[in-house]
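> Let me give you the structure first, and then I'll get to my questions.
The values are calculated or read from the model by the stated rules, or taken from the named source; none is laboratory data. Source: prediction; values computed, not measured. Glycine gets a Cβ as well: all are built from the backbone with ideal geometry, and neighbour counts include every protein chain shown.
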């Protein structure tokens, strides 16, 4: 089965120095860019993270400081990556929670405008967990009937992710579910917009989900002492909270969102943010 695309989609996977979006760095990236005619191009790059790769992380993906000491820095390949990802929707395994926010953070650091507005994000892990609650290796075995060789290499993981989505479309093309409101629908249709909506775990305002929309479409904090409270109201009641966020180790995408909320004049009638 070929994907039903209205524009290219890029499946990608990152190997990194750790799991903290605001401070960790990419050491390897693989992107499979799938065109509307079903053809694909693969780009795999090792990247010098300019920091030590902890031994416990090396034990997972096998990439050492020595392996990347002569690799280009992210800033040296950023323009190449932006061009390769141009006009692409984005897909990956746990990508909404980790890979997309961390990739965006790397671009923010370089000062390059990696425009995410209007792109659709398809998280294959969220589809998997909602339809068959399990990890990438298990998903590959379950959907494709094959063992994942070289797991935790970016290229093997990325190709497996692409194959899993195609298998999910075959498996669930006639499967319907009923949501909490009693609406019955087919959530795994061969339509990137439908897949992106279904694979969202929450309605994020920033990329990582520190700020989310509540059921009234109001931006609220999703962490800390103000969890569940409206962001603009907190900033009115406690202006120093904004300063604390800006000085702390939050992702730049989060800081961008809270700054827009603060600068829009605390107008309760303002439209929803549409940054990503």
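> Checking residue 208 against (1) in a loop (DSSP other than H, G, I, E, B); (2) under 22 Å from the mean Cα position of the chain (by Cα); (3) over 25 Å from residue 107 (Cα atoms), only one condition comes out false. Which one?
(3)
> Does any residue of segment 19-35 turn out to be surrounded by fewer than 13 Cβ atoms within 10 Å (Cβ to Cβ) and in contact with a strand residue (DSSP E or B) (Cβ under 6 Å, 6 or more places away or on another chain)?
Checked segment 19-35: no residue is surrounded by fewer than 13 Cβ atoms within 10 Å (Cβ to Cβ) and in contact with a strand residue (DSSP E or B) (Cβ under 6 Å, 6 or more places away or on another chain).
Condition check ((1) in the same structural domain as residue 143 (by TED's automatic domain parsing); (2) part of a strand (DSSP E or B); (3) within 17 Å of the chain's Cα centre (by Cα)) across all residues:
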site	(1), (2), (3)
1	no, no, no
4	no, no, no
20	yes, no, yes
23	yes, no, yes
28	yes, yes, yes
31	yes, yes, yes
37	yes, no, no
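> Taking only segment 46-64 into account, find how many residues are in contact (Cβ under 8 Å) with a residue 40 or more places away in the chain and in a loop (DSSP other than H, G, I, E, B).
2
> Does residue 43 meet the test of being modelled with pLDDT of 95 or more, assigned by TED's automatic domain parsing to the domain that holds residue 151 and either surrounded by 12 or more Cβ atoms within 10 Å (Cβ to Cβ) or outside any strand (DSSP E or B) (or both)?
For residue 43, the condition - modelled with pLDDT of 95 or more, assigned by TED's automatic domain parsing to the domain that holds residue 151 and either surrounded by 12 or more Cβ atoms within 10 Å (Cβ to Cβ) or outside any strand (DSSP E or B) (or both) - is met.
> Sticking with this one: Taking interchain pairs and intrachain pairs at least six residues apart, which have beta carbon atoms under 7 angstrom, with the first residue in segment 154-165 and closer than 14 Å to residue 15 by Cα and the second in a helix (DSSP H, G or I)?
Cβ pairs passing all conditions: 157/136.
> Further question: For segment 121-129, check the following and say yes or no: at least one residue is surrounded by 22 or more Cβ atoms within 10 Å (Cβ to Cβ), more than 14 Å from the chain's Cα centre (by Cα) and part of a helix (DSSP H, G or I).
yes
> Looking at 78, 91, 71, 10 in this structure, which one is assigned to a helix (DSSP H, G or I), in contact (Cβ under 8 Å) with a residue 24 or more places away in the chain and either on the phi > 0 side of the Ramachandran plot or surrounded by 12 or more Cβ atoms within 10 Å (Cβ to Cβ) (or both)?
78
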